[in-house]
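The values are calculated or read from the model by the stated rules, or taken from the named source; none is laboratory data. Computed from a prediction, not measured in an experiment: that's the story for all the values here. So basically every Cβ, Gly included, is an ideal-geometry build from the backbone, and we count neighbours across all protein chains shown. Accessible surface areas use protein heavy atoms only, side chains included; no ligands, DNA or RNA. Shrake-Rupley method; radii C 1.70, N 1.55, O 1.52, S 1.80 Å.
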Amino acid sequence: MASVPFNRPTLCGKETEYMLDAIAREHISGDGYYSQRCHAFLQARLGVPKALLCTSCTHALEMAALLLDIRPGDEIVLPSFTFVSAANAFVLRGGRPVFADVRPDTLNLDERQVESLITGRTRAIVAVHYAGVGCEMDAIGATAARHGIPVIEDNAHGLFGKYKGRFLGTFGCLATLSFHETKNVTCGEGGALLINEPSYIERAEILREKGTDRSRFFRGQVDKYQWIDVGSSYLPSDLLAAFLLAQLESIEWIERRRQAAWQFYFEQLQPWAADHDVRLPVIPSHCEQSFHMFYLLLPGIDDRQELIRHLELRGLYGIFHYLPLHLSPMGRQFGGRDGDCPVTEDVSGRILRLPFYNGISEAEQSRVVAALKDFDRWRRQRAKVQAAARGRAGLFRPGAGLFRPAESDS
Ligand SMILES: Cc1ncc(COP(=O)(O)O)c(C=O)c1O
């Protein structure tokens, strides 16, 4: 039987047509026709003053750190339970990550902790909308405003998700998106920087174009372009933008598919989860999620490893997620210690993400659901086989009595 991968990139229909058209237009480097259309699409849909495609969400975060002019010793508050790029982007500029824990329900930055982590050196707060469910932006925004600290939203998971009726990515002065293969909308590798504070727009264009005013040159605003700031090459090829536009234009289809897949898991697994002490995702009523992922919080870390193996044996691929950043080798160099973020430390060992992608079929999901429900029986059988093997090892271990189990087995 075919396997069910964790993620399978799914074409929406017009990707190759648009890519061939980009070639026919004889502009496949950055900021061509399709990049401009993606920018316009994101700006119109989200109502943001400026959207700039980037080569990844990681690079969009790096641009955010450059725009905020992060300097050595500056502190950035961010959740420990997140992707490494949210820390690295600032560390590259000499910044120091200050790790906050996450809320036990949504696994989002715990807004109640932010205030106590702010010092005179805090230069940014990074709110990561985990699984495309909005952070508590009212509280985070209020704390940030009290201290005059900018908020950056890492919205890698939450494109078109909403918090209290407003799109994620429109709260912070800057926000980032990911179009990596695993995301709802993809071009393989890609991202975007959303700029809500217009004063950042001009410099963002320069940083993204190798520190030059090439964007102004292409618009005919200057007669030559030159080096005027630091920068790098953060813009993707128009071929990727062409692929991406095809996906963006199919957003209604994508959202319908993902919502249906999410509801299917949720409904099928609810009774089983309640019986087995497994927690399903929590979506607060004021959040409209982006249906980015479906995860389970299992009772213990051993359960997770065994369950991953159990699924794998059936050709089904569930995976874990973030390891606590504060306990990573780099995080420890910044002072991270065991026990700093207890919720992160706990959930990171228990989370299991199920196969989830735009094209997943009900038959594939049914196999995952059936395998989960079959887990207990498999575990009991395996324990029996292991006990029998231990018994045999006891029989043949030198010095062990014929009917006595080996001492170390007890
Ligand atoms: C929350 C978060 N931010 C940023 C990233 C990095 O995205 P990219 O691969 O586009 O750089 C990821 C990756 O999955 C992520 O989960």
Task: Estimated inter-spin distance, HIS276 and SER29, nm [label 7 Å along Cα→Cβ] - done: 5.4
Open item on the list: Amide H of GLU181 versus every other amide H placed in the peptide plane: which residues, excluding those fewer than 5 positions away on the same chain, fall under 5 Å?
Closed with: GLY188
Open item on the list: How tilted is helix 238-249 with respect to the longest principal axis of the chain? Cα atoms for both, answer in degrees (0 to 90, nearest 10).
Closed with: 70
Open item on the list: Is the C-alpha gyration tensor of the chain telling us rounded, prolate or oblate? Criteria: a/c under 1.5 is rounded; beyond that, a/b larger than b/c is prolate, otherwise oblate.
Closed with: prolate
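Using the Cα centre as the reference, give the magnitude of the dipole from point charges on the C-beta atoms of the chain (Lys, Arg: +1; Asp, Glu: -1; all else neutral), rounded to the nearest 20 debye. Write down the numbers at each step before the final one.
Details: 47 positive and 49 negative charges, 187 e Å.
In debye, rounded to 20, the chain gives about 900.
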Task: Using alpha-carbon coordinates, inclination of helix 137-147 to the longest axis of the chain, degrees - done: 60
Task: Value of relative contact order over the chain, rounded to a whole percent, pairs C-alpha under 8 Å and six or more apart - done: 20
Task: Å² of accessible area per residue within the chain, as computed with a 1.4 Å probe and no ligands counted - done: 44
- [ ] Find how many whole Å separate the alpha carbon centroid of region 139-153 from the alpha carbon centroid of region 1-66.
- [x] 29
Task: Share, in percent, of DSSP beta bridges within the chain that are antiparallel, nearest 5 - done: 55
Open item on the list: Whole angstrom only: what separates the Cα centroid of region 179-240 from the Cα centroid of region 323-377?
Closed with: 34
Open item on the list: Contact order normalised by length for region 77-174, with contacts defined as Cα pairs under 8 Å and 6 or more residues apart; what percent is it?
Closed with: 24
Task: Whole-Hz couplings from phi, Karplus 6.51/-1.76/1.60, listed for region 268-277; x for Gly and Pro - done: 5, 9, 3, x, 4, 4, 4, 6, 10, 6
- [ ] Please name which of VAL126, VAL114, PHE320 has its Cα lying farthest along the dipole of the chain towards the positive end, using unit charges on Cβ (Lys, Arg +1; Asp, Glu -1) and the Cα centre as origin.
- [x] PHE320
TODO: Read phi for every residue in region 164-170 and hand back ³J(HN,Hα) as whole Hz from Karplus 6.51 cos²θ - 1.76 cosθ + 1.60, θ = phi - 60°, with x for Gly and Pro.
DONE: 6, x, 10, 4, 4, x, 10
Task: Solvent-accessible surface (1.4 angstrom probe) belonging to HIS321, in square angstrom, nearest 10 - done: 30
Task: Point-to-point label distance, GLN221-ARG112, nm (Cα→Cβ direction, 7 Å offset) - done: 4.6
Task: Among THR55, HIS39, THR16 - extreme Cα towards positive end, dipole of region 14-57, charges at beta-carbon - done: HIS39
- [ ] Give a residue-ordered list of calculated ³J(HN,Hα) values for region 306-319 (Karplus: 6.51 cos²θ - 1.76 cosθ + 1.60, θ = phi - 60°; whole Hz; x for Gly, Pro).
- [x] 5, 5, 4, 5, 4, 5, 4, 4, 9, x, 10, 10, x, 9
TODO: Note down the accessible area of ASP303, probe 1.4 Å, to the nearest 10 Å².
DONE: 30
Task: For a label point 7 Å along the Cα-to-beta-carbon line of ASP69, residues of region 223-243 with backbone N under 16 Å - done: 229-231
- [ ] Kindly report, to the nearest 10 Å², the accessible surface of ARG37 as traced by a 1.4 Å probe over protein heavy atoms only.
- [x] 80
Task: Subset of LYS50/LYS162; LYS14/LYS162; LYS162/LYS183 violating a 23 Å alpha-carbon distance limit - done: LYS14/LYS162
Open item on the list: Between 0 and 90 degrees, rounded to the nearest ten: what's the tilt of helix 362-373 against the longest Cα principal axis of the chain?
Closed with: 40
TODO: Starting from the Cα of ASP374, step 7 Å along the direction of its Cβ; do the same at ALA145; then give the gap between the two resulting points in nm.
DONE: 5.5
- [ ] Could you pull out every residue, at least 5 positions away or on a different chain, whose amide H is within less than 5 Å of the one on HIS292? Hs are placed 1.01 Å off N in the peptide plane, and Pro or chain starts have none.
- [x] none
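Using Stokes-Einstein with the Kirkwood hydrodynamic radius over Cα pairs, what translational diffusion coefficient do you get for region 90-163 at 25 °C and a viscosity of 0.890 mPa s, in µm²/s rounded to a whole number? Mind showing how you got there, number by number?
Details: Rh = 12.8 Å.
Translational D for this selection: 192 µm²/s.
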Open item on the list: Test of understanding: what is the full-extension gain from LYS164 to ARG332, defined as 0.36 nm times their sequence separation minus their Cα-Cα distance?
Closed with: 56.9 nm
TODO: Return a whole-number percent for the relative contact order of region 186-304, with Cα pairs under 8 Å and 6 or more residues apart as the contact set.
DONE: 18
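Taking the Cβ-Cβ separation of GLU197 and ARG382 as r and a Förster radius of 60 Å, what is the calculated FRET efficiency to the nearest 0.05? Spell out each step's value before the answer.
Values: r = 56 Å, r/R0 = 0.93.
Here the calculated transfer efficiency is 0.60.
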TODO: List the residues whose amide H sits under 5 Å from the amide H of ARG96, counting only those 5 or more places along or on another chain, with H placed 1.01 Å from N in the peptide plane.
DONE: GLY73, ASP74, GLU75, ILE76
TODO: Tally up the carbon and sulfur contribution to the accessible surface of the chain as a whole percent, 1.4 Å probe, everything protein left in place.
DONE: 54
